[in-house]
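Bear in mind that the values in this text are calculations on the coordinates, not laboratory data. Computed from a predicted structure; not experimentally measured.
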Amino acid sequence: MIKLIKNILKKLWLYSDIIAWLLAMIFFCIAFFTINKTFGLFSIGISLVVLGYVFEFIGRNKGNSSKGGE
């Protein structure tokens with residue numbers, strides 16, 4: 001049981017920066033929704049564009065292509 005917990009914590013530590021970044025994006029969008037619905041929807045659009053760019057960047061660094069074999 002202790003070994004399982006250590007493995008889970010080790011995996012979480014590997015992705016802690018991504019988890020923190022995603023939480024920051026979520027709270028950023030929530031903050032904009034408190035201002036106005038239009039600002040909130042705009043922030044979701046910007047967040048999705050940035051998130052897509054980040055995933056594309058991560059995929060290229062790992063040698064994977066999101067284009068399906070190109």
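Once the chain is represented by equal point scatterers at the alpha-carbon sites, with solvent omitted, what log10 I(q)/I(0) does the Debye formula produce at q = 0.20, 0.22 Å⁻¹?
-0.89, -0.94
Would you compute, from DSSP H runs of 4+ residues alone, the mean residue ellipticity of the chain at 222 nm, taking -39500 (n - 2.57) per run and dividing by the full residue count, rounded to the nearest 500?
Values: 3 runs with 58 residues, N = 70.
Calculated from helices alone, the mean residue ellipticity at 222 nm is -28500 deg cm²/dmol.
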